[in-house]
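Taking it in order: structure first as structure tokens, then the write-up.
The values are calculated or read from the model by the stated rules, or taken from the named source; none is laboratory data. In this text the structure is predicted, and so the values were computed from the model without any measurement. We place every Cβ from the backbone using ideal geometry, glycine too, and count neighbours over all the protein chains shown. All accessible areas refer to the heavy atoms of the entire protein, side chains included, with ligands and DNA or RNA removed. Shrake-Rupley method; radii C 1.70, N 1.55, O 1.52, S 1.80 Å.
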Amino acid sequence: MDKLVILFAVALSLGKASAATLGVVQTEGGRVQGQNIPIGLSRSVDVFKGIPFAAKPEILEKPKPHPGWSGVLQATKFADMCMQINTEQNGSSGSEDCLYLNIWVPHGRQVSSNLPVMIWLYGGGFISGDTVGAVFQDNFLYDGQEIADRGNVIVVSVGYRVGTLGFLSTGDSDLPGNYGLWDQHASIAWVHRNIRAFGGDPESITLFGESAGGASVSFQSLSPYNKGLVRRAISQSGVAFCPWALSRNPHKIAVQVAEKVGCPTDHRMVACLKSTDAENLTIAALPLELASPDHPNMMSMLYTPVVDGDFLPDQPANLFHNAADIDYLVGVNDFDGHIFTVRDMSLGDKNKETPVENVRRLLAAYVKASGLSGSEIAFAEYTSTWGPSPSQDTIKKTAVDISTDSGFLVPAQKSLSLHADNARSGRTFSYLLTEPNLLGGPDKPFHEWLGADHTDDLQYVFGKPFVTPKAYGDRHRDLSTFMIAYWTNFARTGNPNYGNLKVPVFWPEFTSSGKQFMEINAKMNEGSVGQEMRLRFVRLWTSILPSLQSDGVTNAQ
Ligand SMILES: *[C@@H]1O[C@H](CO)[C@@H](O)[C@H](O)[C@H]1NC(C)=O
Ligand SMILES: *[C@@H]1O[C@H](CO)[C@@H](O)[C@H](O)[C@H]1NC(C)=O
């Protein structure tokens, strides 16, 4: 007993004596100092908040380098979020001065060096979002500490412009758009130039992001501008092919915004927009369109990336040679479409009947470009197992499947196939998260058949079951352990199976012939490896429906 106490005391003093920290770090803009957070006896994390990676941006212009500062910047406070519509949707919040990043660096007894680096791109439909994420009690969703500590990687989260300020475009060189994507690229280049001073390996940068952040990861990996900067990429529930990710008629939207802010719509329009006050430009996105089965929420995202002939020199399908040496891990949640379908047809109310007609209307809205025949073929496919009198559960689940497939799952499969087909050294991995949502069940708000809803992956990747243990069970801590292991192993080696952390099941590579994927949940085992995810529906959306379109463009908005 005494021995143990003495050992403990020795360990404690050793831990204290060797508390490793970077202290003041020299960056290209000047010196920065963060905060050292001790974890247990012999580990700690240095956290740097609010380091500028570019100057305050001019309205509707690309980001420019930061002029730098003298003295030591105290990097202990998050910067303002980029200006966006407020939660009440009656004004704006945030700031134009928002191009800042945050860094988490884990240490053992020694100060770290040459660690893999993971850069987080937040979601929010390209119209909202920030590096902090949802805040509960004394913690926040996008805290990089758990990933950094458990995976022994550096985590960086970056701000980028959203909404009109981030993505307004005339679809030509007058106002090319993609300002938010240029911001992301500027942050990636900054990390590549500066992360060695923080103990990172600039040749081992992994991008990861969810929803619009996942689509951003996809765009960044396809752009020629990131060649040699990005080694690996993880897209969670969002890729370039998502029907909501790419704007196909930006000029029309730019004219509408110009009219709202009182700008002429002729040759003077762009100069006028650029001299418009940022708040007025931001709130010109209001009111947001109300969702209905005929106007699905997912399809009403107006301020998104465009093929600008520069950052994206061509349609995404023709850019995969730029990602040929990038390892790519892509996945979706099995009920990613649920939260959107809830908005489109009041699916949240368990007692409310969903008429079959609403499923027809929703499907027709998604396959609009393929016309009436496309809509009928798709309806027959989705209802082929219904039988003569489908239950309400069957009808509602089908509506969610339609949204999940068209909005997330099928676009992800298309990205995976194109990545694998074009890869040189780059590996390809696919997953499907199937962990049931915490709010599904007989005495809970949502139906008991609900699997993993959109954004459910975030809490496990960011280790929330460990941070707020009372809100979760042991199974959720298992799942969080699995996901952090796969994600950080992938960041370290390009293969989720190998790295510092043990994984529960071997995850095979996705190949064009086998289309292997890993079904991820708390109870995963050898049977969790699947092939050809929802192949029937992938064929429907990627081959049968496009063949019926006059312009041959999949999922045109
Ligand atoms: C927005 O709505 C909130 C809540 O209804 C209200 O308190 C606030 O004053 C409103 N802000 C503006 C700018 O109208
Ligand atoms: C914003 O728009 C309103 C209404 O058009 C206008 O009165 C106001 O001057 C504008 N604000 C700025 C700072 O330009």
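General remarks:
- Within the stretch 507-543, being open to solvent by less than 60 Å² (accessible area, probe 1.4 Å) and among the basic types (Lys, Arg) holds for one residue alone: Lys515.
- Test: residue in the stretch 104-112 that is within 16 Å of ligand 2 (Cβ to nearest atom) and without any contact (Cβ under 8 Å) to a residue 60 or more places away in the chain: no
- Hits in the stretch 81-107 - residues which are open to solvent by 60 Å² or more (accessible area, probe 1.4 Å) and either at pLDDT below 95 or within 16 Å of ligand 1 (Cβ to nearest atom) (or both): Thr87, Glu88, Gln89, Asn90
- Cβ pairs under 7 Å, 6+ apart, first in the stretch 244-263 and among the charged types (D, E, K, R), second at pLDDT below 95: Arg248/Ala556; Arg248/Gln557
- Residue match in the stretch 194-209 (condition: touching a residue at least 12 places away in the same chain (Cβ under 8 Å) and part of a loop (DSSP other than H, G, I, E, B)): yes
- Exactly one residue out of Val230, Val217 is within 23 Å of Trp244 (Cβ to Cβ), touching a residue at least 40 places away in the same chain (Cβ under 8 Å) and among the β-branched types (Val, Ile, Thr), and it is Val217.
- Condition check for Gly177: crowded, with 23+ Cβ neighbours inside 10 Å, under 23 Å from the mean Cα position of the chain (by Cα) and in contact (Cβ under 8 Å) with a residue 24 or more places away in the chain: yes
- Elements of type helices (runs of 4 or more DSSP H) contained in the stretch 210-299, each with 1 or more residues being open to solvent by 10 Å² or more (accessible area, probe 1.4 Å) and under 30 Å from Val400 (Cβ atoms): 250-260
- Residue check for Ala323: touching a residue at least 40 places away in the same chain (Cβ under 8 Å), surrounded by fewer than 21 Cβ atoms within 10 Å (Cβ to Cβ) and touching a strand residue (DSSP E or B) at 6+ places or on another chain (Cβ under 8 Å): no
- Residue within the stretch 505-513 that is closer than 22 Å to Glu210 by Cβ and of a type in the set (A, V, I, L, M) present: no
Condition check ((1) under 15 Å from Val332 (Cβ atoms); (2) assigned to a helix (DSSP H, G or I)) across all residues:
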{"residue": "Ser480", "(1), (2)": "no, yes"}
{"residue": "Val503", "(1), (2)": "no, no"}
{"residue": "Phe506", "(1), (2)": "no, no"}
{"residue": "Glu509", "(1), (2)": "no, no"}
{"residue": "Ser512", "(1), (2)": "no, no"}
{"residue": "Glu519", "(1), (2)": "yes, no"}
{"residue": "Met533", "(1), (2)": "yes, no"}
{"residue": "Leu545", "(1), (2)": "no, yes"}
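- Scanning the stretch 440-459 for residues that are under 24 Å from Glu146 (Cα atoms) and either touching a His at 6+ places or on another chain (Cβ under 7 Å) or assigned to a loop (DSSP other than H, G, I, E, B) (or both) yields a count of 4.
- Boolean, Asp266 is free of Cβ contacts under 8 Å to residues at least 24 places away in the same chain, over 24 Å from the mean Cα position of the chain (by Cα) and within 16 Å of ligand 1 (Cβ to nearest atom): no
- Pairing each residue of the stretch 488-508 that is farther than 21 Å from Gly527 by Cα with any residue that is open to solvent by less than 40 Å² (accessible area, probe 1.4 Å) and acidic (Asp, Glu), provided the two are 6+ apart or on different chains, yields C-beta distances under 8 Å for Phe490/Asp327; Gly494/Asp327.
- Lone qualifier among Ser157, Ser95 - being within 16 Å of ligand 2 (Cβ to nearest atom) and among the polar types (S, T, N, Q): Ser95
- Remark: Ala317 matches the filter, which requires a residue to be open to solvent by 20 Å² or more (accessible area, probe 1.4 Å), of a type in the set (Gly, Ala, Ser) and in contact (Cβ under 8 Å) with a residue 24 or more places away in the chain.
- The lone exception for Asn86 - which of (1) within 16 Å of ligand 2 (Cβ to nearest atom); (2) under 17 Å from the mean Cα position of the chain (by Cα) it fails: (2)
One line per residue, one yes/no per condition, for (1) at pLDDT below 95; (2) hydrophobic (A, V, I, L, M, F, W, C); (3) in a strand (DSSP E or B):
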| position | (1), (2), (3) |
| --- | --- |
| Asp46 | no, no, yes |
| Glu58 | no, no, no |
| Pro63 | no, no, no |
| Ala79 | no, yes, no |
